[in-house]
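Presented below is the structure to which this report refers.
FYI, it's all coordinate maths here, none of it is from the lab. Note that this is a predicted model, so its numbers are computed, not measured. With ideal geometry, Cβ positions are generated from the backbone for all residues, glycine too; neighbour counts draw on all protein chains shown.
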Amino acid sequence: MSEKVLLITGASSDVGVELITQVFNEYDYIIAHHIGDNSKLLDLKEKLADKLILLEGNFLDEDDTYKFVEKIKESGKIPTHIVHLPAGKYENMKFTKLTWNKFKTDLDICLRSLVIILNSFIPNMVKNKYGKIIVMLTSCTTNIPPKYVASYVTSKYSLLGLVKALSNEYADKGIRVNGISPTMMETKFLQSIPELIVQQNAMNSPTGKNLSVSDVIPTFKFLLSENADCITGQNIAITNGNIM
């Protein structure tokens, strides 16, 4: 393996920005996927210069997702490590009010994009007999999910299924595939969740607060490292003191 290249999809998220900030010294290049606002990534670009490659891609558009992959190939920086963070908008809505289009949107953003990306880059990992893939899931996949978020929960379970399937298929090829499932985390992702629900979740936690991004990043760093070479197919829950 001549170069260590980390691809982060959904890199403009709070988790993505903080992960880049903490691990940039460990990689030759970091490819940061974004859509829309990337002001924080531009700030990092000023600091990291050519080490940080910013690539835009609309995962709601299948053709644009393939174009995103082609742009990575054209750069010559083929990922050895992949962190997949995207998720559809979290909305509280009764199942009977949801349309198939909402389910499809969530699946396109998180699942279809990852399938397209991994179809393109797993062969290179197989060739090198090495690769690390980490997928952001949710504690909903480790416990009873909350009501009124059927499309979100379904999309995350679909990703969990892919994690389990690929971890087994590529275990003997040196590729490690794992999921991370945090409970509610204080990020801009919570903007679409009623404030009362956010506050109640914090009050019900043994720590008296919701998770912060800094609580979650160490698990990403560990799974990306050589210290986790013997770990694959796991859905690691970050429970904030709750027993699940």
Which value in nm describes the separation of the simple spin-label points at Asp43 and Lys97, placed 7 Å from the Cα toward the beta carbon? 3.5 nm
Spelling it out for Arg176: with amide H atoms placed in the peptide plane at 1.01 Å from N, the residues 5 or more places away or on another chain with amide H under 5 Å from its amide H are Gly131, Lys132, Ile133
√(5λ) per eigenvalue of the Cα gyration tensor, the stretch 80-158, largest first, Å: 29, 14, 8
Can you give the extra length, in nm with one decimal, that the chain gains between Asp28 and Ala171 once fully stretched, where that is 0.36 nm per residue apart less the Cα-Cα distance? 49.0 nm
Under a crude label model (7 Å from the Cα following the beta-carbon direction), how far is Glu186 from Cys230 in nanometres? 3.7 nm
The rounded separation in angstrom of the Cα centers of the stretch 102-154 and the stretch 27-68 is 19 Å
Charge dipole magnitude, Cβ of K and R +1, D and E -1 - the stretch 78-149, Cα centre, debye nearest 20: 80 debye
Using a simple charge model, +1 on the beta-carbon of Lys and Arg, -1 on the beta-carbon of Asp and Glu, nothing else, what dipole does the chain show about its Cα centre, in debye to the nearest 20? 520 debye
Quickly estimate the mean residue ellipticity at 222 nm for the chain, helices only: each DSSP H run with n ≥ 4 gives -39500 (n - 2.57), and the total goes over all residues, rounded to 500. -13000 deg cm²/dmol
Gain upon complete extension [Ile116, Lys73; 0.36 nm per residue less C-alpha separation]: 14.2 nm
Could you give me the percent of Cα pairs per 10 Å distance bin for the stretch 1-135, shortest bin first, beginning at zero and ending with the bin that holds the maximum distance? 12, 43, 32, 10, 3, 0
About its Cα centre, how strong a charge dipole does the stretch 55-96 have in debye, to the nearest 20, once Lys and Arg get +1 and Asp and Glu get -1 at the Cβ? 220 debye
Could I have the simple spin-label model distance between Glu3 and Glu62, label points 7 Å from Cα toward Cβ, reported in nm to one decimal? 3.1 nm
The stretch 144-183 - convex hull of alpha carbons, volume per residue in Å³: 64 Å³
Divide, for the stretch 47-197, the radius of gyration over alpha carbons by 2.2 N^0.38 Å, where N is the residue count. 1.12
Charge dipole of the stretch 5-238 built from unit charges on the beta carbon (Lys, Arg +1; Asp, Glu -1), centred at mean Cα; most positive-end Cα among Val126, Tyr152, Leu211 is Tyr152
